[in-house]
1. Report, please, the projected area of the chain averaged over directions, based on the convex hull of its C-alpha atoms, in nm².
2. Taking only Cα atoms, what is the 0 to 90° angle, nearest 10, from helix 7-24's long axis to the longest principal axis of the chain?
3. What ranking of VAL18, VAL45, VAL23 emerges when the number of other C-beta atoms within 10 Å of each C-beta is taken as an exposure proxy, fewest first?
4. Most exposed first by the Cβ proxy, i.e. fewest other Cβ within 10 Å, how do ASP31, ASP16 rank?
Amino acid sequence: MEHVSGAPSRNRTVRDYVKEYIVSNKLQPGDSLPTEGELAERLGVGRSSVREAD
């Protein structure tokens, strides 16, 4: 994935990626997500962007 610029865009990208990850992997409550570092690396954003995504 390309690097994302702009805080609102980054937040939306991270949020959308996590939602899609949950759906595509058919996760259930209690299932694990990738770590903060893994998400940041996959999306080309800083770890703080992952933490701040709402």
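What follows draws every value from the coordinates through simple rules; no lab data is involved. This is a predicted model, so every value here is computed, not measured. Cβ placement follows ideal geometry from the backbone for every residue including glycine, while neighbour counts extend to all protein chains displayed.
1. The directionally averaged projection comes out at 3.5 nm².
2. With both axes taken from Cα atoms, the answer is about 20 degrees.
3. If I rank by nearby Cβ atoms, fewest first, I get VAL23, VAL18, VAL45.
4. By the 10 Å Cβ count, ascending, the order reads ASP31, ASP16.
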